[in-house]
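The values are calculated or read from the model by the stated rules, or taken from the named source; none is laboratory data. What you are looking at is a predicted structure, and each value in this text was computed from that prediction instead of being measured. Please note: Cβ atoms are built from the backbone with ideal geometry, for glycine as well, and neighbour counts cover all protein chains shown.
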Amino acid sequence: MRSSDSAEVEGSTESGWLAGRILIAMPTMADPRFARAVVYLCSHGPEGAMGLVINRVYGELNFRGLLGQMGIKPVAGVPDMPVHFGGPVDPARGFVLHTVDYSRHDTLPVGDNIALTATVEILKALANGEGPQRSLLALGYAGWGAGQLEAELQTNGWLVAAADEDLVFDPDLESKWDQALAKLGVSAMMLSGDMGHA
């Protein structure tokens, strides 16, 4: 996370783009980094897409450990939280998905009541107990070049579903993939490599 770096993403403004929605990895996902992954798409457009995996932790690292590495001291009573594996791209870069009750000049609104901030200031706010009501901290992100995500959707790599705040911020990471599938009315038992995306 850099002091004044905002995320290099843009919200969806054109019909057909999927920012603010979730991608659900099909059981046939060939890339082990995305097996059973649920990805919240922060941007999607002609230049490509960017999202954060929301159901996988980043090793043993937690919020307090990350603050310690950055020399930020939390106030008493600030709860700890996991640090998520946001994706394989730029793993040293931090992102916070959060509710829109926190907003600064470098905050990007993405979906219904969900925004993205990628500066150290939001970490300081969280450490001081002044951050958003709900948040998800991730290191790294998932990125697709122009047309790459569309190609993966056409070859049934992912299902697409509406995102909602409860699913995005649910701390039960083990069940999040199944919860995401349930939003589409399907279960893992029903899926096969031949199924089209929703």
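Look at the range 61-80: where a residue is under 10 Å from Leu126 (Cα atoms) and a partner is part of a loop (DSSP other than H, G, I, E, B) and among the small types (Gly, Ala, Ser), sitting 6+ places away or on another chain with Cβ atoms under 7 Å, you get Val75/Gly129; Val78/Gly129. Looking at this structure, is Asp172 of a type outside the set (A, V, I, L, M), touching a strand residue (DSSP E or B) at 6+ places or on another chain (Cβ under 9 Å) and either within 24 Å of Ile24 (Cβ to Cβ) or modelled with pLDDT of 95 or more (or both)? No.
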